[in-house]
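Every number in this text was worked out from the coordinates using simple rules, so none of it is lab data. Since the model is a prediction, treat every value here as computed from it, not as a measurement. Cβ coordinates were reconstructed from backbone atoms using ideal geometry, including for glycine residues, and neighbour counts include every protein chain displayed.
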Amino acid sequence: MRSSTRSQARSLASVGDDGKGHLALRIRLLQARDTCTARGTEYSKHVSPVSESTPANPQLHNASPTSSELEREVSRRRTFAIISHPDAGKTTLTEKLLLYAGAIELAGAVRGRGARRHATSDWMELEQKRGISITSAALDFELQGRRMSLLDTPGHKDFSEDTYRALIAADSVVMVIDAANGVEDQTRKLFEVCKRHRLPILTFVNKMDRPSRDPLELLDDLENTLGISAAPVNWPIGDADRFRGVYDIQHHALHRYEREAQGQYRAPVEVSSLDDPEAREIIGEDAYAHFRESLHIIGEAGTAFDVSEYLAGRQTPVFFGSALTNFGLEPFLQALVELAPAPQPRSSDTGPVAPTDERFTGFVFKIQANMDPRHRDRVAFVRVCSGRFTKDMVMSNSRLGNVLRASRAYRFFGRERETIAAAYAGDIIGLVNPGHFAIGDTLHSGAPVQFSDLPRFPAEHFGRVRLRDTRYKQFDDGLKQLEEEGLMQVFYVASSRREPIVGVVGALQYDVVVSRLRAEYGVEANIEPAGYEAARWLGPFTGAPPTPGLQGVVAADRLGRRVLLFGSQWEVEYFERQHPDVPLLDESPVAAPARSRS
Ligand SMILES: Nc1nc2c(ncn2[C@@H]2O[C@H](COP(=O)(O)OP(=O)(O)OP(=O)(O)O)[C@@H](O)[C@H]2O)c(=O)[nH]1
Ligand SMILES: [Mg+2]
């Protein structure tokens with residue numbers, strides 16, 4: 001290690017507030033320099049502007065000039081989910097990516113006050129009222145010859161079942177990190193899912209316009225907390241009020257931004273070189289010196305970007321910026337277009353299904369009712385996994401073994417929808433669902449196939465729903481449809497059919513149930529804790545089952561299948577020990593047939 005570099009590291013360590021994390025990383029980085037032999041793939045090879053006719057990343061485009069329409073269409077699809085801990089800025093970033101992609105002309109806000117429009121992906125009334133995302137939203141748009149499908153997911157753990165399913169429908173991920181908080185709990189959990197499914201991850205460190213942790217420390221946090229190598233692609237200049245822009249490490253270009261009043265339009269940007277005296281003056285001597293030093297450390301010993309490491313999920317390219325003020329967005333969007341992988345093969349019970357397999361296959365990962373107040377229909381969101389979907393095509397649902405005709409299909413842009421005549425592997429389409437589909441269903445033409453089950457989380461909170469008026473039919477319809485979405489499970493106890501018990505993964509879902517019953521079904525209801533903590537379906541068993549513990553009760557689900565509600569987890573375990581002959585199932589036996597997950 002050169003002594004000059006070491007002393008730079010030391011001087012840098014003294015700049016931060018605590019210096020601890022910084023120093024550890026810097027020294028490690030500097031040591032790494034000595035052992036680092038091969039530099040990775042040059043990022044610049046992958047960020048040159050693309051045009052419709054020339055795919056920029058041939059590695060990801062297997063379509064030759066003679067390839068079929070299916071291969072061409074598949075190779076231009078990019079389907080990705082945005083994930084993070086609550087509040088890191090997923091919805092704001094989504095909105096700004098749409099703005100920069102030209103899919104919207106004016107960006108809305110998460111908390112759209114007065115006449116100001118709301119963010120496209122937070123379309124639900126309760127989302128807009130509370131300023132949080134509650135349900136994942138699909139947004140489909142064209143960009144530079146690519147067909148992009150973006151899934152903005154909710155961060156709150158109470159809605160994480162929806163987020164997990166959306167992740168499984170994606171081929172890659174954008175992970176948003178709050179620059180002040182680093183890697184937070186929920187991000188860590190979601191990262192584990194990405195890792196299990198080998199999803200490539202691009203990282204966007206957001207909110208640099210606020211007081212932030214040192215960027216070196218943030219890289220250290222990513223590597224230590226998540227165990228993924230982090231390759232900075234650009235580097236922030238200052239933070240909080242002094243955040244001026246980002247430096248593109250490979251192109252040696254300084255992107256200096258000006259704040260646009262409300263961040264509704266693109267922020268004016270000036271691109272110059274690092275030594276531009278004017279830029280230096282605007283940035284300020286202190287911030288500039290600190291920035292140069294950390295840049296030097298990264299240049300000497302930082303992880304270099306390597307596209308194959310990224311695609312293998314072992315490395316995450318890191319970008320800095322501010323979604324609110326629109327700083328650092330166009331380089332990030334460009335990277336997304338260039339780097340995000342095309343649709344990948346999916347594992348099934350008959351082996352991997354290639355996206356270019358001529359047979360149409362897909363799976364239902366989400367059901368949502370009443371998105372459009374004028375239609376009030378239920379939509380099944382399908383991730384197309386292979387082949388070509390065409391309107392009116394005949395397909396089978398592998399769960400039911402029946403044949404159906406898909407006469408109405410849509411693509412979505414938040415709440416808005418557009419009829420489609422065709423779709424290809426990678427697309428997310430909506431099929432109108434008059435009760436034919438359940439979450440996790442595999443749809444296919446040709447030979448039977450079934451994709452792996454989607455994760456189902458056990459309910460942990462149980463509440464009694466009380467109808468406050470007399471509209472029982474609407475109340476029952478509402479419960480039925482919301483249950484179909486996977487929002488909750490509904491149980492009936494013999495003594496009071498009119499006051500069902502709902503089981504949810506997180507207590508915030510109670511609010512969603514009550515609010516949606518009111519807004520979408522016109523009924524007033526409230527939910528009170530019911531005193532249970534676990535539900536188990538009864539497997540094959542004749543006769544009356546034993547009473548489930550002191551506080552438990554035998555109930556039934558909508559289809560009349562018997563369910564034992566227990567007062568605590570401990571009571572479940574005690575019951576299992578006492579009654580080994582009584583088969584208990586975590587999941588309902590028909591809607592989600594028990595299958596081993598990959
Ligand atoms: N200062 C600052 N605030 C931001 C930035 N990005 C988002 N915010 C604010 O942070 C809050 C949360 O932003 P969202 O975009 O809703 O975050 P989210 O990750 O979608 O949140 P959930 O979906 O509820 O998990 C909002 O008040 C945003 O205005 C940013 O770059 N800078
Ligand atoms: Mg959100």
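Remark on the range 97-187: ratio of C-alpha radius of gyration to 2.2 N^0.38 Å is 1.15.
For the range 361-444, just run the numbers: alpha carbon Rg, then divide by 2.2 N^0.38 Å, N being how many residues it has. Walk me through the numbers on the way to the answer.
On the way: Rg = 11.6 Å, N = 84, 2.2 N^0.38 = 11.8 Å.
Taking the Cα Rg and dividing by 2.2 N^0.38 Å, one obtains 0.98.
Look at where the Cα atoms of the range 492-514 and of the range 212-281 average out, and the two centres are 48 Å apart.
Put a plus charge on the Cβ of each Lys and Arg, a minus charge on the Cβ of each Asp and Glu, and nothing anywhere else: the dipole of the range 176-238 about its Cα centre is then about 320 debye.
Judged by the mean number of other Cβ atoms found within 10 Å, the most tightly packed of the peptides 202-208, 475-481, 232-238 leads the ranking 202-208, 232-238, 475-481.
Order by neighbour count: 581, 162, 453, fewest other Cβ atoms within 10 Å first, most last. Write down the numbers at each step before the final one.
Working: 581 7, 162 25, 453 19.
Placing the least packed residue first, the sequence is 581, 453, 162.
Beyond 18 Å between alpha-carbons counts as too far, so tell me which of 90/207; 90/189; 96/366; 96/207 fall in that bin. Intermediate results must be reported in sequence, preceding the final value.
Numbers: 90/207 11 Å; 90/189 16 Å; 96/366 25 Å; 96/207 13 Å.
Result: 96/366 exceed 18 Å.
The value obtained for the range 461-585, namely the Cα convex hull volume divided by the number of residues, is 101 Å³ per residue.
Per-residue packing, averaged as other Cβ atoms within 10 Å, sorts the ranges 543-555, 248-260, 525-537, 168-180 into the order 168-180, 525-537, 248-260, 543-555, beginning with the highest. The amide H of residue 348, built 1.01 Å from its N in the peptide plane, has 353 as neighbours under 5 Å, considering only residues 5 or more places off or on other chains. Annotation: peptides 274-284, 135-145, ranked by per-residue average of other Cβ atoms within 10 Å with the highest first, follow the order 135-145, 274-284. Between the alpha-carbon centres of the range 533-591 and the range 283-353 there is a gap of 48 Å.
The chain: Rg/Rh from Cα coordinates, Kirkwood Rh?
On the way: Rg = 25.9 Å, Rh = 25.8 Å.
Rg/Rh: 1.00.
If you take the square roots of the eigenvalues of the alpha-carbon gyration tensor of the range 156-205 and sort them as a ≥ b ≥ c, do you get rounded (a/c under 1.5), prolate (a/b over b/c) or oblate? Mind showing how you got there, number by number?
Details: a/c = 2.00, a/b = 1.26, b/c = 1.59.
Oblate.
Beta bridges assigned by DSSP with both partners in the chain are antiparallel in approximately 75 percent of cases.
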